[in-house]
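Working notes for the structure below.
The values are calculated or read from the model by the stated rules, or taken from the named source; none is laboratory data. Here the structure is a predicted model, which is why all the values come from computation and not from measurement. Cβ placement follows ideal geometry from the backbone for every residue including glycine, while neighbour counts extend to all protein chains displayed. Please note that ligands, DNA and RNA were not included when accessible areas were found on the heavy atoms of the full protein model with its side chains. Shrake-Rupley method; radii C 1.70, N 1.55, O 1.52, S 1.80 Å.
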Amino acid sequence: MIADTIHSIEQQLAGKAKLIAVTKTKPVTLLQEAYDAGCRRFGENKVQEMVEKQPQLPIDIEWHLIGHLQTNKVKYIAPFVALIQSIDSLKLLQEVNKQAARYNRVIDCLLQIHIADEETKFGLSPEEAEILLNTPELDDLQHIRLIGLMGLATNTDDEEQIRREFRGLKQLFDQLAEIKRFNVAFQELSMGMSGDYQIAVEEGSTMVRVGSAIFGSRF
Ligand SMILES: *Cc1c(COP(=O)(O)O)cnc(C)c1O
């Protein structure tokens, strides 16, 4: 059942975008099922939940943190996290660098950009992202790599609005991809969820984060 859904989503993505299976609130038995169907990239939005699940599952899973991250919790995921998709400040990036150094790692990160027409969603404005990517302080961060952007479209039925928001994020991505530093090398654009991943891929997404379409709705 889960396997069929995963295979049909993978078929639609046709190698254009990577599938991040969003497993928040779901039990490890379901994650194992998704793993057995071929999923190797899992997204969680809470540090504690990710830290609990990670040791119970195979070691070759890439764990993506997709929710708001507090600086005091970075230390718990630093040993194993593959990609932190929700960087929204220099201070957070500095803490990720510090904790990654303790484990002799370089942790890949995305800047989360606020594109939705909603107050509640986290993220940087385009201007703030550009300032961060040009700040001299980045030179001190040997243990992080900024490899792209993540954004959430507005939760709406208006497909044209969603498409406009994704198109704007892709334009920002292309513009910021010109910035080359030793720890800035854009290659991933994470956009699209269960309801809008097809539009996102059409607009240039390289990574879709799909939860409920695979695992059913969350209660
Ligand atoms: C929950 C979540 C998703 C997945 O949402 P679905 O609609 O269940 O696919 C994607 N991205 C983020 C940041 C999330 O928190």
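Sorting the segments 6-16, 73-83, 188-198 by their residues' average number of neighbouring beta-carbon atoms within 10 angstrom, most packed first, yields 188-198, 73-83, 6-16.
With semi-axes defined as the square roots of five times the eigenvalues of the C-alpha gyration tensor, the equivalent ellipsoid of the chain measures 26, 23, 15 Å, largest first.
For the stretch 114-166, the list of GluC sites (Glu not before Pro) that fall in a loop by DSSP and count at most 14 other C-beta atoms within 10 angstrom reads E118, E119.
Distances between placed amide hydrogens fall under 5 Å for R41 paired with A21, E62, all partners being 5 or more residues away or on another chain.
Computed over protein heavy atoms with a 1.4 Å probe, the carbon and sulfur contribution to the accessible area of the chain reaches 48%. Extension gain for Y76-V106 works out to 9.3 nm (0.36 nm per residue, less the C-alpha to C-alpha distance). For H143, no residue has an amide H sitting under 5 Å from its own, ignoring neighbours fewer than 5 places away on the same chain, with H placed 1.01 Å from N. For the pair M1 and E52, what calculated FRET efficiency results from E = 1/(1 + (r/R0)^6), where r is the Cβ-Cβ distance and R0 = 22 Å, to the nearest 0.05? After rounding, the FRET efficiency stands at 0.35.
Rounded to the nearest 0.05, the FRET efficiency derived from the C-beta distance between R218 and D139 at R0 = 30 Å is 0.15.
Expressed in units of 2.2 N^0.38 Å, where N is the residue count, the Cα radius of gyration of the stretch 4-83 is 1.11.
Farthest towards the positive end of the charge dipole of the stretch 2-215, among the residues I214, I6, V96, is the Cα of V96, using unit charges on the Cβ of Lys, Arg, Asp and Glu. Stretched out straight at 0.36 nm per residue, the stretch from L30 to R163 would grow longer than its current Cα-Cα span by 44.7 nm.
Computed over protein heavy atoms with a 1.4 angstrom probe, the accessible surface ordering of S217, S212, largest first, is S217, S212. The charge dipole of the stretch 58-189, taken about its Cα centre with unit charges on the Cβ of Lys, Arg, Asp and Glu (plus for the first two, minus for the last two), comes to roughly 720 debye. When both the stretch 6-60 and the stretch 142-219 are represented by their alpha-carbon centers, they are found 18 Å apart.
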